[in-house]
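Taking it in order: structure first as structure tokens, then the write-up.
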Amino acid sequence: MEDDKRVKKRSVLLVISLLYCTFLQLLVELPQMHQAQVSQVEPSVSGIWSKVIRIEKTSSVSASSSSLSNSQVSQKLDIAYKLFGIFPLKTGEVEVMSPMSLIPGGQSIGVTLQTKGVMVVGQAPVVDKNGKNSFPAKDAGIQVGDILLKIENQDVKTDQEVSNAIDAAGKQKGTATVLFKHQDQMVEKVVTPIYCVETGRYRMGLFVRDEAAGVGTLSFINPANNLYGALGHVITDADTNQKIEVYNGKVIASTIYAIEKGKRGHPGEKIGSFVPNSSFSGTIEKNTMTGIFGKMNGQVENPYFKEAIPVGWESDVKVGPAKIYTVIKGEKIEEFTVNIDRVMHNRTDSKNMIIRVTDPRLLEVTGGIIQGMSGSPIVQDGKLIGAVTHVFVNDAQRGYGVFIQNMINDSSMPGKQEAA
């Protein structure tokens, strides 16, 4: 009899423990359950928990209105989870996304941009009349990666303007006041230029660059307002790896005339040239972590998509097959199969999913993902979910992709926040 009581007692304790563990698991998973509903108008709890858990919206704020849409893209809700609508369980913030449709890109594009100011990409000695090597700018505290903005209170936008301003200041007073940006901080230093016997000019010993150019891929375009996104990642300087602050820039059509096949340890590359009479051109308004954005003019066509298709938000992306669109010869967009091997939620950079090329032809021609493929749109289950961004150096078949949701968020122009 005593044994029966002990068995029953253990059974009751086991049931209670299981219910308690399940309840704790619910508390942990509540935010994820709601995050999975971001494409709906309001969040909700499904299954048995919908009978006992009530969700109350405590406040809401409109997320910044995206330049890609004529209406607000998302709304952030502060919500409270309550047991039987009485006992508070947990609070959290949920981002509710509005429906959106875009036309996938895939076009090969040439990108040119001019920096805000002039970037320092190297140091060089100045040899004076006595044969001595000097580094005037370095001695004053100017470093590689800094952005020169003004010399003697005059804006400088090109390497030639920097050279002329330093030479003029050296001749007139022997010193030059230089305003520059160092790690997002404005700094002003006085440099003493040295007269260079070889060039016959005053110099401060810097290598500088005022522009950049390359080939990439268009990710999408909004047919409602011709705003576009491309590349899927930030444009950085080739020497300093610093983000380039854009002063002026444009994108035009490019044609691919050769492929350098990728192999282990050596990423491949599309080799192309700009199309002189491009059928389209676009401005570059923003250079962000997830790509470049601006407005497109002219005719932009993708033969696979005559009309816009739905955007797949982060919650729609899943492990499994997908397709990418890119150019490997001329200007012809082609469709290739890939597999999404892993999805990394809650990352706000350009590495949100791991993709693997499975298309036999693409593997044969390129070896997988190559430079210049950045920005190639990724479509899964009829939805535009992201874009190709990086290749694994030691495995050309695999690389990273960015969520289209992150690109859309980064495309938002400043000064457009509203309160609901």
### Amide H contacts under 5 Å for residue 245, placed H, 5+ residues apart
116
### Message
Using each residue's phi in the range 238-254, evaluate 6.51 cos²θ - 1.76 cosθ + 1.60 at θ = phi - 60° and report the 3J(HN,Hα) Karplus result to the nearest Hz, with x for Gly and Pro.
### Response
5, 8, 9, 6, 8, 4, 8, 7, 7, 9, 7, x, 8, 10, 9, 5, 10
### Query
Stretch residue 172-residue 277 to full length: gain in nm at 0.36 nm per residue minus the Cα-Cα span?
33.2 nm
### the range 91-227 - Debye-derived log10 I(q)/I(0), Cα point model, q = 0.10, 0.11, 0.12, 0.22 Å⁻¹
-0.49, -0.55, -0.60, -1.26
#### Entry: Estimated inter-spin distance, residue 158 and residue 299, nm [label 7 Å along Cα→Cβ]
3.5 nm
### Task
Rounded to whole Hz and in sequence order, give me ³J(HN,Hα) for the range 288-301 from the Karplus expression 6.51 cos²θ - 1.76 cosθ + 1.60, θ = phi - 60°, writing x for Gly and Pro.
10, 4, 10, x, 10, 9, x, 10, 9, 10, x, 9, 10, 10
## Note on the structure
If the chain between residue 190 and residue 124 were fully extended at 0.36 nm per residue, the gain over the current Cα-Cα distance would be 21.9 nm
### Query
Considering only protein heavy atoms, what per residue accessible area in square angstrom results for the range 308-404 with a 1.4 angstrom probe?
38 Å²
## Note on the structure
The size of the Cβ-based charge dipole (Lys, Arg +1; Asp, Glu -1) of the range 324-406 about the Cα centre, to the nearest 20 debye, is 160 debye
### Summary
Of every hundred units of 1.4 Å-probe accessible area on the range 245-399, the number belonging to carbon and sulfur atoms, as a percent, is 46 percent
### Query
How many angstrom separate the Cα center of the range 150-208 from the Cα center of the range 261-278?
36 Å
## Note on the structure
Largest-first ranking of 129, 332 by accessible area, probe 1.4 Å, whole protein assembly kept, is 129, 332
### Summary
Hull volume per residue for the range 326-398, using the convex hull of the C-alpha atoms, in Å³ is 99 Å³
### Message
For the pairs 132/189; 116/306; 129/181; 129/243, flag any whose C-alpha to C-alpha distance is greater than 26 Å.
### Response
116/306; 129/181; 129/243
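Keeping every protein chain present and rolling a 1.4 Å probe, give me the accessible area per residue for the range 202-307 in Å².
Dividing the accessible area of the range 202-307 by its residue count gives 50 Å².
May I ask you to derive the FRET efficiency for residue 261 and residue 306 from their Cβ-Cβ distance with R0 = 35 Å, giving the value to the nearest 0.05?
For residue 261 and residue 306, the calculated efficiency is 0.60.
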#### Entry: Kirkwood Rh and Cα Rg combined as Rg/Rh, the range 263-341
0.98
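Around residue 187, what is the net charge, scoring Lys/Arg as +1 and Asp/Glu as -1 over all other residues with Cβ under 10 Å from its Cβ?
Combined, the nearby Lys, Arg, Asp and Glu give 0.
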#### Entry: Fully extended contour minus Cα-Cα distance, from residue 332 to residue 364, at 0.36 nm per residue
9.8 nm
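The values are calculated or read from the model by the stated rules, or taken from the named source; none is laboratory data. Quantities reported herein were computed from a predicted structural model and do not represent experimental measurements. Cβ: placed from backbone, ideal geometry, glycine included. Neighbour counts: every protein chain shown. Each accessible area value is taken on the protein alone, full model and side chains, heavy atoms only, with ligands, DNA and RNA left out. Shrake-Rupley method; radii C 1.70, N 1.55, O 1.52, S 1.80 Å.
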